[in-house]
Each structure stands twice: as structure tokens, then as C-alpha cells.
Amino acid sequence: MKAISGKNLVLIGFMGTGKTETGKLLAASLNRRFIDTDKLIEKEEKAKISEIFAAQGEEYFRRREKEVIARLCRKKGLVISTGGGSLLARENRKLLAENSFVIWLDASFDELRQRLTGDVDRPLLKEQDFSTLYEKRLEGYRETAHVKIDTTDKSPLMVSEEIMELLRRG
Ligand code: S3P
């Protein structure tokens, strides 16, 4: 477990890559606290992400996301799952890459499309073309990740076991 000793383990990646479910399983296996940045913002704002986007706009949400990430980066030993757009901000890329062990969960385009079809909780999916959104986020994932895992055809349990194996091997 050298790769993460004393560090936060952070999951990044596009919507639908399973960051939250995988993060919960990983935290349980590692006996660590799990924090999902979207859920934390929802709790603090007492509103759902879609409501925050509708009432205060994306810019406000991105500000809250930055605050939360900066706060969590001052802590240690957490498993954190991040929102798919959080790495649009360079500050977040830098902070996470420097402070944490960052794992990028990816999946094939077709599978992501399938997983996200009919989703009503992700406001940006309604407004923007799926592939445009994905392309915009790629650079942030590439720049920040220490490791990339393909989750295509894998359950969150399979992905978390794969990550545990990777951590064991150091
Ligand atoms: C977003 C991804 C979402 C959430 C918000 C915006 C994005 O997180 O933060 O809807 O810009 O890609 P998930 O990746 O957890 O769905």
C-alpha cells in the first residue's frame, strides 16, 4: 500500500464511470472514510446538484466544488470521489495531483452512453452533447491521473478489487 500511505485516494473520471460506488467499496476495504464531493456539496447546500445548477448556476457550483476539494486536500487518509467536471479547474488538477493518489476511471463511449441514458440527476447531460462534454474533460483527467483503469464491462466490485490488487503490488 506504499502508493497511498498517508495520502488520500481520489477517484476521477467522467459521469457514469462508477466513482461513487467504487469509492464506497474501496473505503470499506481500506478501512478509510469515504467522501463524495457532490454529496458533500448537496449536504452543505441542502439541495440536489440539479437544484443548485438551476438556482445558482454552474459557476457557483464550480466554486463550491473548488472549496470542497481544497478542504479535503488538507486532510489525509480519505477515499474521495470527485464530480466528473471538477478537473476543468487547473487549481483542482494541481492540488489533487500533488496531494493524493489519483485514479482515473474510464469506460468505452458506448458503455458510458448506456449507463447514462435516462439519467435525470445530471444537469449538464440535458444541455450539452455527450461527446463534447467528454472531450472537454479528457485533458484534465489525463493531466491529473497517476493511474487509469478501464471499467468497461466491469462492476464497481470488480473495479475496486482491481484497484486493491494494484495497491497491494505497490
Ligand atoms: C458533472 C458531473 C457530476 C456533477 C455535476 C457536473 C460534470 O458528477 O458534479 O452534475 O460537469 O461532469 P458525477 O461525475 O459524479 O456524475
Are any residues in the stretch 64-89 within 26 Å of Ser29 (Cα to Cα) and more than 11 Å from the ligand (Cβ to nearest atom), and if so, which ones? Ile69, Ala70, Arg71, Leu72, Cys73, Arg74, Lys75, Lys76, Gly77, Leu78, Val79, Ile80
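Filter the stretch 18-63 for residues that are in contact with a strand residue (DSSP E or B) (Cβ under 7 Å, 6 or more places away or on another chain), within 12 Å of the ligand (Cβ to nearest atom) and part of a helix (DSSP H, G or I); which is farthest from Met158 (Cα to Cα)?
Thr37
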Of all residues in the stretch 90-127, which are closer than 20 Å to Thr20 by Cβ, in contact with a helix residue (DSSP H, G or I) (Cβ under 6 Å, 6 or more places away or on another chain) and either small (Gly, Ala, Ser) or away from the ligand (no atom under 15 Å from the Cβ) (or both)? Phe101
With the first residue restricted to the stretch 132-150 and required to be closer than 24 Å to Ile4 by Cα, and the second required to be among the acidic types (Asp, Glu) and open to solvent by less than 90 Å² (accessible area, probe 1.4 Å), Cβ contacts under 9 Å at 6 or more apart or on different chains are Tyr141/Asp106; Lys148/Asp106; Ile149/Asp106; Ile149/Glu162; Asp150/Asp106
Considering Val120, Val159, Val147, Val102, which residue is of a type in the set (A, V, I, L, M, F, W, C) and over 17 Å from the mean Cα position of the chain (by Cα)? Val120
Residues in the stretch 158-170 that are surrounded by 12 or more Cβ atoms within 10 Å (Cβ to Cβ) and of a type outside the set (Val, Ile, Thr) total 7
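The values are calculated or read from the model by the stated rules, or taken from the named source; none is laboratory data. Everything quoted here is computed from the prediction, not taken from an experiment. Note that each Cβ is placed from the backbone with ideal geometry, even for glycine, and that neighbours are counted across all protein chains shown. Areas reflect the complete protein model, heavy atoms only, side chains present, ligands, DNA and RNA absent. Shrake-Rupley method; radii C 1.70, N 1.55, O 1.52, S 1.80 Å.
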